[in-house]
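Contents: one structure, followed by commentary.
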Amino acid sequence: MPRPRTYDVDEVLRAATVCFWEWGYDGGTVTRLEEATGLDRRQLFREFGDKHRLFLASLQKFDEMAGAHYLGALEDPKSGIRDIRRTLMGFVNQGKHPLGQFGCLFCNTAREGNAMGAEGVAQAVTAHFARVERAYRGTLERALDVGETAIERSQLRAAARSLLATHMGMLVMVRAGQSKATLRDAADRALAAIEQ
């Protein structure tokens, strides 16, 4: 008869996600994962299979976390230009928060060759980037419908992709420790291109 779990699987996954977020796929060693989660490798692998599957689960968890934190307002059917402004300006102060200094797990993963070569990882990164692009495009479409932006309808896709690049670029800049002034300039320039 299997022993009952003495831990919360979601909390363990969240801790593993933070470990990978800070250290990356290669740097998130089994030893670091044990320290972060409080479980030994046998427990971790019994629950998640292996490090690779734990990493894929962590990417999914980060997508949920990022969705709630960064994309919730943009994915709301009532979103508008104010929500794009709030999202981008939120990155300006992100570096002062301990976890915020890590940037974005998907951005960090995209530059890790070993991670991107692992099964399913590139697809997860691409899917997250597509989600961010859709969130911006949907918001821009609603903004255009109510007269908040003068962007031509034919330019909505390009504008959403430009905002995706700004969004991800700012998260990389946060990870690199760029100044608030630099981040604010990046946000202001992107907003100037879409505001009425």
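The HN-Hα couplings worked out from phi for region 77-92 by the Karplus form 6.51 cos²θ - 1.76 cosθ + 1.60 (θ = phi - 60°) are x, 9, 5, x, 4, 4, 6, 5, 4, 4, 5, 5, 5, x, 6, 4 Hz, whole numbers, x standing for Gly and Pro.
If you roll a 1.4 Å probe over the chain with all protein chains in place, what percent of the accessible area is carbon or sulfur? The value for the chain is 51 percent carbon and sulfur by accessible area. Between the helical axis of 156-175 and the longest alpha-carbon principal axis of the chain there is an angle of about 50 degrees. On a per residue basis, region 1-87 carries 57 Å² of accessible surface, using protein heavy atoms and a 1.4 Å probe.
Computed from backbone phi with θ = phi - 60° and the Karplus coefficients 6.51, -1.76 and 1.60, the 3J(HN,Hα) list for region 56-69 is 4, 5, 5, 4, 5, 4, 5, 4, 5, 5, 5, x, 5, 7 Hz; x is used for glycine and proline. A simple rule links phi to the HN-Hα coupling: the Karplus curve 6.51 cos²θ - 1.76 cosθ + 1.60 with θ = phi - 60°, which for region 35-48 gives 5, 5, 8, x, 10, 7, 4, 5, 5, 4, 6, 5, 7, 10 Hz, with x for Gly and Pro. Between L99, L33, L54, the GNM of the chain built on Cα springs shorter than 10 angstrom shows L99 fluctuating the most. Estimated at the nearest 10 Å², the accessible area of V125 is 10 Å² with a 1.4 Å probe. Of the residues E112, E195, ranked by 1.4 Å probe accessible area with the largest first, the sequence reads E195, E112. Each of M89, M170 has its accessible area taken with a 1.4 Å probe; listed largest first, they run M89, M170.
Using only Cα atoms and rounding to the nearest 10 degrees, what angle (0 to 90) does helix 121-145 make with the longest principal axis of the chain? Compared with the principal axis, the helix lies near 30 degrees. As I understand it, the value is the acute angle between the Cα axis of helix 9-27 and the longest principal axis of the Cα atoms of the chain; what does it come to in degrees, rounded to 10? Compared with the principal axis, the helix lies near 80 degrees. GNM remark for the chain: springs join alpha carbons under 10 Å apart, and the peak mean-square fluctuation among R131, R85, R42 falls on R42. Gyration tensor analysis over the Cα atoms of the chain returns equivalent ellipsoid semi-axes of 35, 17, 15 Å (largest first, whole Å). Solvent-accessible surface of protein heavy atoms, probed at 1.4 angstrom with all chains present, puts T87, T6 in the order T6, T87, largest first. Among the lysines of the chain, pairs at least eight places apart or on separate chains and with Cα atoms under 26 Å apart come to 4. Binning every alpha carbon pair distance of region 5-111 at 5 Å from zero, what are the percents per bin? Pairs per bin, as whole percents: 2, 12, 21, 20, 16, 12, 8, 5, 3, 0.
A P(r) calculated from all alpha carbon pairs of region 65-127, with 5 Å bins opening at zero, reads 3, 15, 21, 18, 17, 15, 7, 2, 0 percent.
The values are calculated or read from the model by the stated rules, or taken from the named source; none is laboratory data. Remember, predicted model here, so these are calculated numbers, not experimental data. In case anyone asks, the SASA skips ligands and DNA or RNA and just uses the protein heavy atoms, side chains included. Shrake-Rupley method; radii C 1.70, N 1.55, O 1.52, S 1.80 Å.
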